[in-house]
Amino acid sequence: MILMNNFKSEPEELIFEEITAVERVIRSGAYILGDEVKKFEELWAQYCGVGSAVGVGNGMDAIEIGLKTIGIGRGDEVITTAMTAFATVVAIIRSGATPVFADVNLDTALLNPESVERCISDKTKAVLLVHLYGQILDMDRWEALCNKHHIFLLEDCAQAHLASWEGKVAGAFGRWGAYSFYPTKNLGTLGDGGMLVMNVDEDAKQAKVLRNYGQVDRYHHSMIGGNSRLDELHAALLSVRVKWLKEFTIRRQTIAKTYHNGIVNPKVRLLAKPPNENCHVYHLFVLQCSQRDELSTFLREQGISSLIHYPIPAHQQPPCQGMKQDPQGLGFTEQHATECLSIPIHPNLSAQDVQHIVDIINQF
Ligand SMILES: *Cc1c(COP(=O)(O)O)cnc(C)c1O
C-alpha cells in the first residue's frame, strides 16, 4: 500500500541524528524551557525572517496564545475559513472570540478577499489566513485589505513551513504566524509541538508569559495563562529535522510537478498551479473530482491511500451551527468539501510510486 505518510522509510542518517539529539537531552538533565528550546526558537525565527519565535505545545495553542497576546477575546470577531483543520476554529473560540466564516476560491481553496470583506463588521478585529495545503498567495492584497479596515492580519502557517511570497516567508506578513510541528506537517517532531513567530518584541514577551501559567518572574503571575510549552526533547529533534526541510520540500515540489504534468484524466481537476515555485510547499496535493468517493475507492483497490481535507467544513460541525458567515453563503467551500481528495505527496515516496499514482488516476 502506498501510504499518505511513511515515517518508517525515513533516511537512516536522519534517524541516527535524532537518536543522538535525544541522548543529548537525556544527559543534559534539563527538559523544560532550557537551551534546546531557546536555540530552536532562534533558528526558526531566522528561517522565517522575523524578530522572535516562541515555542508552545502545539499549533492550536499557538493560535490561541497569539490571539490573547494581542488582546483579542470576548466580543471580538475573527474572520477565517471553514475549509481548515478544525483546530484553527477551536483556537479562536478558546480565546473567547467568535469566528466568522468567509468563502474560498474554488481553484485554490484559499480565502476569497471579496467574501472576507462582506464579513467585516465593527466587531471584526482580525483576518486569520490559513495557508492551506502549503499555499501562500496574494499577500500584498491581504496586507492592503487589513490596513484599509484597520484590522490585524494573522497567519495559520501549520501547513506552510517556509512557503514564501515574493521572498518573504509565511508568518512574517501578519502580526504573528502560528506553526504546528505535528508529526505529519512538513516540519514535524515525534509528538506535539508548535511555535509563534512575530516581529513585535512585546508580543513575544506576552506569549512567553501566557504559555507558562501567566508567570512573569518565578512565582509572580501577572495574569491567568495556560501550560503550553515546547519540550526540550522536541526542540532538539526539530533542530535536527529542520536541516532536512529544504530537501524534503524540493522533493514534494518535484512530485507535484510530475502530478501536474502527468494527470490528464478529464474527470479530475487539479488546484491552480502556483505562480512560482516557492509559494507552494505541498503539504498536501489536492484533486477535485465530482465522483470523489468512487475515485478514492478505486485508488485503495489499486494500493494507493488517500484522505479528504476536509470533508465537513467547520461551519457544518455541530458546535459551529448558526455561527456567522458570508451573507452570500459558503458555496465554494461546500463544493470543495464534497469534491476534494488528497493523494500521497510525502518526501519518502519513490519515483516509481509517483508514476504508479499518475497511471492509476488516469485509468479512473
Ligand atoms: C495541524 C493544523 C493545526 C493544528 O496544529 P496542532 O499542532 O495539531 O495543534 C492548525 N491549523 C492547521 C491549518 C493545521 O493543519
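The values are calculated or read from the model by the stated rules, or taken from the named source; none is laboratory data. Note that this is a predicted model, so its numbers are computed, not measured. Quick reminder, even Gly has a Cβ in these numbers, built from the backbone with ideal geometry, and neighbours come from all protein chains shown. Surface accessibility is based on the protein's heavy atoms, side chains included, excluding ligands, DNA and RNA. Shrake-Rupley method; radii C 1.70, N 1.55, O 1.52, S 1.80 Å.
Just a few scattered comments:
- CD proxy at 222 nm, helix term only [per DSSP H run n ≥ 4: -39500 (n - 2.57); per residue of the chain; nearest 500]: -12500 deg cm²/dmol
- Net dipole in debye of region 235-281 [+1 Lys, Arg Cβ; -1 Asp, Glu Cβ; about Cα centre; nearest 20]: 100 debye
- Summing Lys and Arg as +1 and Asp and Glu as -1 over all other residues whose Cβ lies under 11 Å from the Cβ of Trp244 gives a net charge of -1.
- For the pair Asn348 and Ile312 in one chain, pulling the backbone fully straight at 0.36 nm per residue adds 10.1 nm over the alpha carbon distance.
- Charge sum, other residues only, whose C-beta stays under 11 Å from Leu284's C-beta, Lys/Arg counted +1 and Asp/Glu -1: +2
- Region 44-167 shape via C-alpha gyration tensor axes, a/c threshold 1.5: rounded
- Region 1-138, accessible surface, carbon-and-sulfur percent (1.4 angstrom probe): 53 percent
- Full extension of the chain segment joining Glu294 with Glu23 gains 92.8 nm, where the gain is 0.36 nm per residue of separation less the Cα-Cα distance.
- Alpha-carbon spread of the chain, three principal axes, descending order, Å: 65, 54, 37
- Annotation note: trypsin sites (Lys or Arg not before Pro) in region 168-251 located in DSSP loop regions with a Cβ neighbour count of at most 15 within 10 Å are Arg218.
- Taking Lys and Arg as +1 and Asp and Glu as -1, the other residues whose beta-carbon sits under 9 Å from that of Ala53 total -2.
- For Arg94, solvent-accessible area (1.4 Å; no DNA, RNA or ligand), Å²: 140 Å²
- Available extension along the chain between Ser121 and His260 is 46.0 nm, counting 0.36 nm per residue and deducting the alpha carbon span.
- P(r) of region 276-319 over all Cα-Cα pairs, binned every 10 Å from zero, in whole percent: 21, 39, 32, 9
- Cut-off 15 Å (backbone N to label point 7 Å along Cα→Cβ of Met4), residues of region 293-324: 293, 296-297, 299-300, 304-313
- Within a straight-line Cα-Cα reach of under 17 Å, Lys185 can be paired with the following lysines, leaving aside sequence neighbours fewer than 8 residues apart in one chain: Lys8, Lys243, Lys246.
- Dipole magnitude for the chain: computed about the Cα centre from +1 point charges on Lys and Arg Cβ and -1 point charges on Asp and Glu Cβ, it is near 280 debye.
- Distance between modelled label sites at Phe86 and Thr184, nm, 7 Å Cα→Cβ extension: 1.4 nm
- Taking only protein heavy atoms and a 1.4 Å probe, the accessible area of region 187-292 is 50% carbon and sulfur.
- Over region 46-135, accessible surface divided per residue gives 29 Å², non-protein components excluded, 1.4 Å probe.
- Think of the chain as having a plus end and a minus end, set by charges on the Cβ of Lys, Arg, Asp and Glu; of Gln291, Pro319, Ile72, Ile72 sits farthest toward the positive end of this dipole.
- Label-point separation in nm, Lys205 to Asp140, each point 7 Å along Cα→Cβ: 3.6 nm
- Charge-dipole axis of the chain as Lys and Arg at +1 and Asp and Glu at -1 on Cβ define it, positive-most pick from Ile32, Ser115, Ser180: Ile32
- Dipole in debye (nearest 20) - region 249-303, about Cα centre, beta carbon charges: Lys, Arg +1; Asp, Glu -1: 140 debye
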